[in-house]
Each structure stands twice: as structure tokens, then as C-alpha cells.
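Here is the structure we will look at.
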Amino acid sequence: MPEPVTSVTFPPAFLWGAATSAYQIEGAVREDGRTPSIWDTFSHTPGRTAGGETGDIAVDHYHRYRDDVALMADLGLNAYRFSVSWSRVQPTGRGPAVQVGLDFYRRLVDELLARGIKPAVTLYHWDLPQELEDAGGWPERDTALRFAEYAQLVGEALGDRVEHWITLNEPWCSAFLGYGSGVHAPGRTDPAASLRAAHHLNLAHGLGTAALRSVMPARNQIAISLNSSVVRPLSQDPADLAAARRIDDLANGIFHGPMLHGAYPETLFPATASVTDWSYVLDGDVRTINAPLDALGLNYYTPTLVSAAPDTVRGPRADGHGASDHSPWPAADGVLFHQTPGERTEMGWTIDPTGLHELIMRYSREAPGLPLYITENGAAYDDKPDPDGNVHDPERIAYLHSHLSAVRRALTDGADVRGYYLWSLLDNFEWAYGYGKRFGAVYVDYATLERTPKSSARWYGEAARTGALPGVSAA
């Protein structure tokens, strides 16, 4: 049912933020000692991104960060989630930090704090140093060890002023889009490697959490951001229910099982036995992965609808994760993906705020007592300036109203949701889609890099300042 358009209020301490990631906005890819990440290599490989577009300049946040922070302050935001470029801080993925690289993030944090905006640092948002990929990447155990060293370096530099930390963003994408379907960097298509990558990303989270705790004040919160799927069966037929369980294990349980419950799902190993024997899961690994969390970040865009595939149709269809001849779902050829009904964004993703409520309530049950943050939620639309230079995006306002109303409903139902980070602050490099998909609340003219707040930015800013949702026609 449509959400009501009446005002909806939030707790006074609720964080109203926006989110970005380093490769998508920073640019300056060859400055101050930064070396290539897997996304530099991938985007410069012909045919990998729309129009061959890259993040070389992106939206030049590296040089314009003060203006961008001022923009956030003007809008009334009180939180900002950004990621650190690993290859800017530790260019080879090994050894001491490059201080000039860390200095950029020190300056950014200082600017945020001076404006009354709480920084939230994400250590890894998909941009592995290329040298580590050349040594095997996430399918290799050593990459998890390298991540822990990197986490300690950043924690030492920023932990005295940053209280909110996220180890990894969406490890599912890193593992299965990067090493399974190949639509994300590094572009490999090896189902066994994707499962090894998933385990070593889990291990990196656990080792990184311990590394951060060793160098930071105890008051700091450590979390992870999962793009947990709301997996729904097409019917209650047992075959469809089994298909939904298989995808739920691969999308969700493979990460939250060891992180929250200290065990992989009991159905995961036999379901993937045709791909891997899981011999790389060593004694003590799951205990390391099960490091206590202070909070959990949830990223949500659209639900997933699946059924058992007829014998004449095999493999994933309409799973929303880019076009590839290779599946990001290992050992799941017998599952068919369906487009859910309803209005869609420019990404082709169905707009369904009930999925966000469902996701929040699931993790309230999975991890009772653990604070939750919506660390990404948003929509891409074909935004264009009008003749006066204004950018009106009523569709995004409606999207935000309905999804924030779902968050508030979850709060009413007893969920401990502490904050919401809109994806994204700025139009930016949208991975393999290049610059063709605009998620930003702030419009960026890619020719001039001029920033123009869209009507949704003003609407969201009003919500942030008042703690109440304006009507959908207010902008």
C-alpha cells in the first residue's frame, strides 16, 4: 500500500546523513602517491564500463571537499559516510602509510567536525590496490591479513576523532560481482574464486575489527554494511521456497551467519559442494569473523523475487546485478529471478519500501540489541536542469518519503534504527554504468563540475533539520 503523506517524526538523536565512496567521487587518481586500484584497471579496460568512462576525475571531490562539506552543512545534514581509498593510503597494499594520503582524510574529518557533521568512515568500498589483486586478490587469504594492517593504519590516524567505523561495504558485491559474474572489478568469472573471496572478506572484517579495537578508543562504534537481500519466493510451492532459501544463503547467510551467529548456514556447504570443498575455512576463522559488532549497517534498494527454474530455462534472469554470461550465484543455476511488479527507477529496480521495513525487522530479530543504521538507500532518475538551472526530482522525493516512512514504522515496531544515509550525496561515477545513472541529491554538471542541489536535497535537508518528513509536494 502507498505510504501516507502526513508528517512522520523521528527521534531527536537520529542521524541524517548522506553517503559516498572514494573511487566514485574523489578523482585525483595519480596525485600524492596514489596508485591504481582494481577499479582504475577495470574502468580503463575497453568494454568494461559504459562509454569507457572512468573515475579519473569523477566529481573532483579530492580538490572540492571543503565546498562539498559546506553544501552538506547548508542542507542541514548531521552525518556523512565516506570511504577511504586503500591505494591512496597504502599504495601497494603493504607497508607503512603514505602520510600525504592520510592527510586528505584528516582534513576532511576536521572540516566535517567543524561543521557539526559526524563522520562515518568506511575502510573498503571495492577499490582493492591493484598489486594485491595481482597477488591473487580476495580469493587469497593473505589479502585479509593485508586488510587488517591497513585498518590499523587508518584507525591510528583517525580513531581519535571518528567514532563511527565500517569495515567493508557490501562484501557480496566484492565477492560475487567481482569474481563471479565479472561485472565489477576485477572482472573475474570463477564461481569457486567468488566463494573463496566471500570467506576471506569475512575474515578481513573480523581481523580488521580486532585491528581497529587495538588502536581506537572503546567509545568508537565498529560496524559492517551489508546489502542483505529481501528474498521472496514466487509462490509457496516447496521448490520455490527451496530456491529462496538457496539465494538467501548466498546473499545473506554467507555473511551474517558467521558474523552474527558464529556459523555458516548449515545448508550452504552442501548446496555449493559442486563448486568448492570449503577447505580454505581454517580452524578459528569463524571465531575471528564472529568478532562482536557495535552496530550493523544495512543497504537496501529493491527486493529479490525467485522461483525454481523450469528445466528449459536455466540461470539467473532479471536479478538486477548487470548483464553477464556468468552468474554471480554459484551453484544456483536452478533458480530463476523475476522482476517484481511496480514502478521502477532508472536502474530498473522496483520501488518497494515494504522491503526496507522487512529487512530492518529481520535484523532486529537476527541481532537483538544491536543498533542498526541504514547506510545506503536511494534511487537513480534521469535528472536534468530546467531552463532556469533548477533540478526538480519529485520522483526521488516520493521515494525518500516512502522509504523513510518505512524506517519510522520499523522504529514504531521496536527496531533500534539510529540513522539513515542517503545514497548518494552527489551524482557520480556509477561503477560499470559510468556517469549515466544519477543517484545524487546534488546534481553535478560533468562538464563544469558545478554542484546544484536538487529539490530532493532541499526536502531531505528539511527532514534533517526538523526530524519530521515534509509532505511529498514540499520542496
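The values are calculated or read from the model by the stated rules, or taken from the named source; none is laboratory data. As the structure is a prediction and not an experimental result, all values here were calculated from the model. Quick reminder, even Gly has a Cβ in these numbers, built from the backbone with ideal geometry, and neighbours come from all protein chains shown. Surface accessibility is based on the protein's heavy atoms, side chains included, excluding ligands, DNA and RNA. Shrake-Rupley method; radii C 1.70, N 1.55, O 1.52, S 1.80 Å.
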About the Cα centre, and with charges only on the beta carbon of Lys, Arg (+1) and Asp, Glu (-1), how big is the dipole of the chain? Nearest 20 debye, please. 840 debye
Setting aside same-chain residues fewer than 8 positions from K454, which lysines have a Cα under 21 Å from its Cα? K384, K437
Any idea what Rg and Dmax come out to for region 135-213 if you just take the C-alpha atoms, in Å? 13.3, 41
Area accessible to solvent at D134, 1.4 Å probe radius, in Å²: 110 Å²
Which of T189, T312 is most accessible, then next, and so on - probe 1.4 Å: T312, T189
Can you give me the C-alpha center-to-center distance between region 193-263 and region 267-338, rounded to a whole angstrom? 10 Å
Table column - 3J(HN,Hα) (Hz), region 77-89, Karplus curve with 6.51, -1.76, 1.60, x for Gly and Pro: 6, 10, 8, 9, 9, 9, 10, 9, 7, 4, 6, 7, 8
Using only the Cα atoms of the chain, what semi-axes does the equivalent ellipsoid have when each is the square root of 5 times a gyration tensor eigenvalue? Give whole Å, largest first. 30, 27, 23
For H392 and A135, what does the FRET efficiency come to when R0 = 45 Å and r is the distance between their Cβ atoms, rounded to the nearest 0.05? 0.40
Considering only DSSP beta bridges with both partners in region 15-466, what is the antiparallel share in %, to the nearest 5? 20 percent
Carbon + sulfur, % of accessible area of the chain - ligands and nucleic acids excluded, 1.4 Å: 52 percent
Under the Karplus relation with 6.51, -1.76 and 1.60 and θ = phi - 60°, whole-Hz ³J(HN,Hα) for region 103-117, x at Gly and Pro, equal 4, 4, 6, 4, 5, 4, 4, 4, 5, 4, 5, 5, 9, x, 10
Area of E140 that stays accessible when all protein chains are in place (1.4 Å probe, Å², to 10): 80 Å²
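Once you have the Cα-Cα distance between T9 and T412, take 0.36 nm times their residue separation minus that, and quote the gain in nm to one decimal.
144.0 nm
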Mind grabbing the accessible area of V281 for me, 1.4 Å probe, Å², rounded to tens? 40 Å²
Computed from the beta carbon distance with a Förster radius of 51 Å, FRET efficiency for L145 and E462 to the nearest 0.05 stands at 0.65
Accessible area per residue of the chain at 1.4 Å probe, in Å²? 36 Å²
Name the residues whose placed amide hydrogens come within less than 5 Å of the amide hydrogen of S37, ignoring near sequence neighbours (fewer than 5 apart) on the same chain. Q130
Can you work out ³J(HN,Hα) from phi for every residue in region 438-455, in order, using Karplus 6.51 cos²θ - 1.76 cosθ + 1.60 and θ = phi - 60°, giving whole Hz and x for Gly and Pro? 9, 9, x, 7, 10, 6, 10, 7, 5, 7, 10, 6, 5, 9, 9, x, 6, 4
Measuring from centroid to centroid over Cα atoms, what is the spacing of region 370-400 and region 61-134 in Å? 23 Å
Per 0.36 nm of contour for each residue apart, how much would the distance between R161 and R287 grow if the chain were fully extended, relative to their Cα-Cα spacing? 42.4 nm
I need the calculated FRET efficiency for the pair D56 and E450, taking r as the beta carbon distance and R₀ as 25 Å, to the nearest 0.05. 0.85
What ranking of K384, K437, K454 comes out by heavy-atom accessible area, probe 1.4 Å, highest first? K384, K437, K454
With runs of 4+ DSSP H residues as the only contributors, calculate the mean residue ellipticity of the chain at 222 nm using -39,500 (n - 2.57) per run, divided by the residue total and rounded to the nearest 500. -10000 deg cm²/dmol
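Whenever you get a sec, line up H401, H164 from highest to lowest accessible area (probe 1.4 Å, protein heavy atoms).
H164, H401
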